[in-house]
Amino acid sequence: MGANFAGIAAAQQLGDEFDVTVVDRSPWFEWRPNIHELLSGVRRPADLRLPRTRLVARAGHRFVRAEVADIDAEAGRLTTARGRRIGFDACIVAVGGVGETFGVRGADRHALPFKSVDDCHAIGRRLAAFDRQRGSRSVVIVGGGLEGVEALGEILRRNRDSGRVRVEVVEAGPRLLPEAPAVLGESILRHCAELDVRFHTGARVTAVTPARVRLDTGDVLRSDLTIWTGGASPPPLLVESGLAARPRQWAPVTATLQSRRHDNVFVAGDAAGLPRPLAKQAFYALQMGECAAQNLARAVTGRRLRTFSPSPRPMLVAFGDLDTYLVTGRRVLASPALAAVKDGVMQITMAQLDPPVGADALAGLASRFAATLRARVL
């Protein structure tokens with residue numbers, strides 16, 4: 001269940017000794033670490049997508065496009081929203097998370113989410129419309145974490161020379177990027193010192209209207225476009241299917257990624273509530289998907305399961321064309337040249353998931369490289 005990083009990695013790890021069905025409501029695998037580049041227009045949706053049918057078929061398995069409405073682990077059956085039932089002996093749940101607005105009034109209606117290719121493409125279209133209009137515009141970014149900073153970078157890439165777009169960034173924590181070394185947020189502030197950007201830290205949004213964002217500090221921000229990057233929460237399906245004990249809880253798993261509530265279910269990626277919490281990053285999801293598949297194979301043959309031991313990876317944070325940061329523990333290396341490293345990670349990993357064998361896959365690889373060159377030129 002679920003066919004992005006963790007789900008695809010799991011499917012490609014399982015061999016043909018298993019009868020594997022992969023279920024997801026979308027036909028597209030999405031490379032989400034670069035979706036921010038859709039805001040500036042340096043990438044297009046097709047540059048960040050791969051067809052799930054092809055990825056799953058390459059592994060010798062079956063892809064079903066459907067939304068799952070229920071998982072009955074005891075009966076070994078899942079049910080789709082249209083009533084189709086799919087039986088299983090074992091199941092890997094990799095459904096990710098859903099957008100979280102924390103009950104803020106108007107956020108669901110008047111703020112644009114920042115979670116998928118479609119979300120960010122929609123934001124990019126709104127910014128493109130600003131380019132065609134006269135007068136100044138104001139953009140409010142809710143959330144000063146990784147997504148909010150990368151969104152800001154792309155808006156500045158697109159608009160900083162025009163002088164027509166003002167950006168306000170709201171972060172509930174005491175500083176930008178509260179989970180990263182403080183020096184990273186300080187560097188962002190220096191880049192923006194001479195630009196039309198204002199930061200509101202230690203402030204929470206209380207309401208969003210079509211033209212305003214209200215803060216608990218009493219400030220009211222004008223907003224022609226509000227972008228919501230305020231985090232993710234567990235999908236209701238986890239508690240509704242008995243994989244979690246209460247709402248808003250990630251599905252608890254053992255150190256082997258086996259569900260604590262059902263032995264025939266493994267949980268990978270963002271949906272997994274690990275004994276020791278781990279950053280919800282794509283490279284960890286890939287590792288979890290592979291481990292979940294390996295342990296599923298061990299479980300059905302009565303072998304001992306192995307502990308999931310994530311391999312630490314540095315994190316790359318893009319700030320438009322102004323800078324890129326390599327974060328390793330508490331150390332940060334900054335250079336615009338590191339953008340090529342971030343691109344390289346994307347190109348290599350997508351080529352591994354979808355090897356350039358056959359005309360369609362080869363054309364996709366060529367298109368992604370062309371997009372990378374366009375991004376560097378622009």
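Each reported figure results from applying straightforward, stated rules to the coordinates on display, with no laboratory input. Since this is a predicted model, take the numbers as computed values, not measurements. Counting neighbours? That spans all protein chains shown, and the Cβs are built from the backbone with ideal geometry, glycine included.
Label points 7 Å out from Cα along the Cβ direction at ARG126 and GLU240: separation in nm? Placing both labels 7 Å beyond Cα along the Cβ direction yields 2.7 nm. Gain on full extension, evaluated as 0.36 nm per residue between GLU186 and THR209 minus their Cα-Cα distance, stands at 5.2 nm.
Annotation: amide H-H contacts under 5 Å for GLY273 (H modelled 1.01 Å from N, sequence separation of 5 or more, or interchain): ALA251, VAL253. Simple point charges give the picture: +1 on the Cβ of Lys and Arg, -1 on the Cβ of Asp and Glu, and for the chain a dipole about the Cα centre of about 340 debye. For the chain, the longest principal axis of the C-alpha atoms and the axis of helix 182-192 are separated by about 40°. Neighbour counting of Cβ atoms within 10 Å sorts the residues THR229, THR301, THR349, fewest neighbours leading, into THR301, THR349, THR229.
Structural descriptor for the range 117-177: relative contact order 42 percent, calculated from alpha carbon pairs under 8 angstrom and at least 6 residues apart. In the chain, helical runs assigned H by DSSP with n ≥ 4 each contribute -39500 (n - 2.57); averaged across all residues and rounded to the nearest 500, the mean residue ellipticity at 222 nm is -9500 deg cm²/dmol. Each label was represented as a point 7 Å from its Cα along the Cα-to-Cβ direction; for ALA279 and ASP108 these points are 3.2 nm apart.
Over the range 107-228, the Kirkwood radius and the radius of gyration, each from Cα atoms, give a ratio Rg/Rh of 0.93. Size descriptors for the range 214-259 (Cα atoms only): Rg and Dmax, in that order, 17.5, 49 Å. With the charge dipole of the chain set up from +1 on Lys and Arg Cβ and -1 on Asp and Glu Cβ about the Cα centre, the Cα lying farthest toward the positive end among the listed residues THR254, LEU146, HIS200 is that of HIS200. In the range 107-228, taking the dipole from charged Cβ atoms about the Cα centre, the farthest positive-side position among CYS120, LEU177, VAL165 is held by VAL165.
Does the range 315-377 come out rounded, prolate or oblate, given a ≥ b ≥ c as the square roots of the eigenvalues of its C-alpha gyration tensor, rounded meaning a/c under 1.5 and, failing that, prolate meaning a/b above b/c? It is oblate, given that a/c is not under 1.5 and a/b is not larger than b/c.
Just the number, please: percent antiparallel of the DSSP beta bridges in the chain, rounded to the nearest 5. Antiparallel bridges: around 50 percent, rounded to the nearest 5.
Sorting PHE18, PHE88 by the number of Cβ atoms found within 10 Å of their own Cβ, with the fewest placed first, yields PHE18, PHE88. Summary value for the chain: 19 percent relative contact order, contacts being C-alpha pairs under 8 angstrom separated by 6+ residues.
From least to most packed, judged by other beta carbons within 10 angstrom and beginning with the fewest, ASP354, ASP72 follow the order ASP72, ASP354.
Extension gain, ALA69 to VAL341, is 94.0 nm, computed as 0.36 nm per intervening residue step minus the present C-alpha separation.
Summing charges over neighbours of GLU154, with a neighbour being any other residue whose Cβ is under 12 Å away from its Cβ, gives 0 when K and R count +1 and D and E count -1. Once the Cα-Cα distance is subtracted from the 0.36 nm per residue extended length, the THR53 to ARG248 segment shows a gain of 67.1 nm.
In terms of its C-alpha gyration tensor, the chain has a prolate overall shape, because the principal axis ratio a/c (a ≥ b ≥ c, square roots of the eigenvalues) is not below 1.5 and a/b outweighs b/c. For the Cα atoms of the chain, what angle does the longest principal axis make with the long axis of helix 359-377, in degrees from 0 to 90, nearest 10? On a 0 to 90 degree scale, this one is about 20.
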